[in-house]
Amino acid sequence: MKAVLLALALLFGVLSVWGQAPLDSVVLQQKLQVLATGTPDVRAQAIRSLETLGENGPEKLILHNVLKAYSDGGLYLWKNEAVLTPALTQDENYVKYINPVDVVTGKFKVSPTYRVKLKEVTTLAADRDDRSVVADSLLFVDLGTGRRDLVRNAAERIAASDRAPEAVPVLKKLMQEPDQGVRFTAEESLCLIGVKFGTDRDAKVALIHRLGELRSLRAESVLDDLRDAEKDAVTQGALDASIA
């Protein structure tokens, strides 16, 4: 582990950890309301800004739920406030309703039996580009949720993101987690990110060797592609050994 962290330090230098502060419901509402009226670029900026809100744990889970709801068409603007709903309901005349739920507390805004017609609220519907941005931002949010399935999935998938170097500080912290699966996935992704984005040859060689020691299935195709393009003899030798 120390060798991996040293190699990453050589590749990326000192990267600051994202700032975290308690989740402010007013700030969150301001950002979510942009989704109703903003241009595509402004909406994308608002979505990405959610990554830095909230402290790790339950607050990141709140942001996960909000982003998922927006991507899935389950986020609404009611009385100038973004809300969720447990489910759409429908009466005998096929009129659809929601029951507004606070995005932060998860509590009903009025009561468990209250209903408001769907046509009387604004559905914050994400288009294809928005959903792509949400999928990327969810990786960064999910790393801080503390929920094993979300953390491992995000730690694995984030290595393929063009923004992967931004996740290095958080992945380093995950290497200290008690869960062996989380530690393995975090180290595997850190090595892949260093190999893909790094420029220091010796550091990259160290990470290539480590991927071989880990017997990383995810790394095999990456290392194969690198071997086809690599001209440096030392790096080529490390790639051959790790692939083997």
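The values are calculated or read from the model by the stated rules, or taken from the named source; none is laboratory data. All figures in this text were calculated on a predicted structure; none of them were measured in a lab. So basically every Cβ, Gly included, is an ideal-geometry build from the backbone, and we count neighbours across all protein chains shown. Accessible surface is based on the protein model in full, side chains and every heavy atom, while ligands, DNA and RNA are left aside. Shrake-Rupley method; radii C 1.70, N 1.55, O 1.52, S 1.80 Å.
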Taking R0 as 41 Å and r as the Cβ-Cβ distance between residue 173 and residue 123, the FRET efficiency 1/(1 + (r/R0)^6), rounded to the nearest 0.05, comes to 0.65
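Please report the relative contact order for the range 163-244, taking Cα pairs under 8 Å with a sequence separation of at least 6, and give it as a percent rounded to a whole number.
Details: 68 pairs, mean separation 19.8, N = 82.
It rounds to 24 percent for the range 163-244.
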Rounded to one decimal in nm, the spacing of the 7 Å Cα→Cβ label points at residue 149 and residue 236 is 4.7 nm
Toy charge model, Lys and Arg Cβ at +1, Asp and Glu Cβ at -1: the range 153-227 dipole around Cα centroid in debye, rounded to 20, equals 80 debye
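Report, as a whole number in µm² per second, the diffusion coefficient that Stokes-Einstein gives for the chain at 4 °C and 1.567 mPa s using the Kirkwood radius over alpha carbon pairs. Present the calculation step by step, with values, prior to reporting the outcome.
Working: Rh = 19.9 Å.
The diffusion coefficient I find is 65 µm²/s.
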Along the dipole axis of the range 165-244 (charges at Cβ: +1 for Lys and Arg, -1 for Asp and Glu; origin at the Cα centre), the most positive-end residue among 199, 234, 217 is 199
Taking the reciprocal of mean 1/r across every pair of different Cα atoms in the range 83-178, the Kirkwood radius in Å is 16.3 Å
For the chain, the longest principal axis of the Cα atoms and the Cα long axis of helix 128-142 enclose an angle in degrees, to the nearest 10, of 70 degrees
Along the range 161-166, Karplus-curve 3J(HN,Hα) (6.51, -1.76, 1.60; θ = phi - 60°) to the nearest Hz, with x for Gly and Pro, reads 6, 5, 9, 3, x, 5
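Averaged per residue, what accessible surface does the range 93-224 expose to a 1.4 Å probe, in Å²?
Details: 6640 Å² over 132 residues.
Counting only protein heavy atoms, the per-residue value for the range 93-224 is 50 Å².
Residue 22: net charge of surrounding residues, Cβ under 15 Å, Lys/Arg +1, Asp/Glu -1, itself excluded? Display every interim value, and only then the final one.
Details: positive: 60; negative: 24, 55, 59.
That works out to -2.
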Measuring from the longest principal axis of the C-alpha atoms of the chain, the long axis of helix 233-243 (C-alpha) lies at a number of degrees, nearest 10, equal to 60 degrees
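Carbon and sulfur atoms: what percent of the 1.4 Å accessible area of the range 84-228 do they account for? Numbers along the way, then the final one.
Numbers: 3600 of 7630 Å².
Using a 1.4 Å probe with all protein chains present, the range 84-228 comes out at 47 percent carbon and sulfur.
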The helix 217-229 Cα axis meets the longest alpha-carbon principal axis of the chain at an angle in degrees, between 0 and 90 and rounded to 10, of 60 degrees
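On full extension of the chain, what length is gained from residue 162 through residue 221, given 0.36 nm per residue of separation minus the C-alpha to C-alpha distance?
Working: separation 59, 0.36 × 59 = 21.24 nm, distance 1.74 nm.
Length gained between residue 162 and residue 221: 19.5 nm.
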Straight-line reach check, residue 196, cutoff 25 Å on alpha carbons, 8 or more apart in-chain or any other chain, hits among lysines -> 2, 172, 173, 204, 231
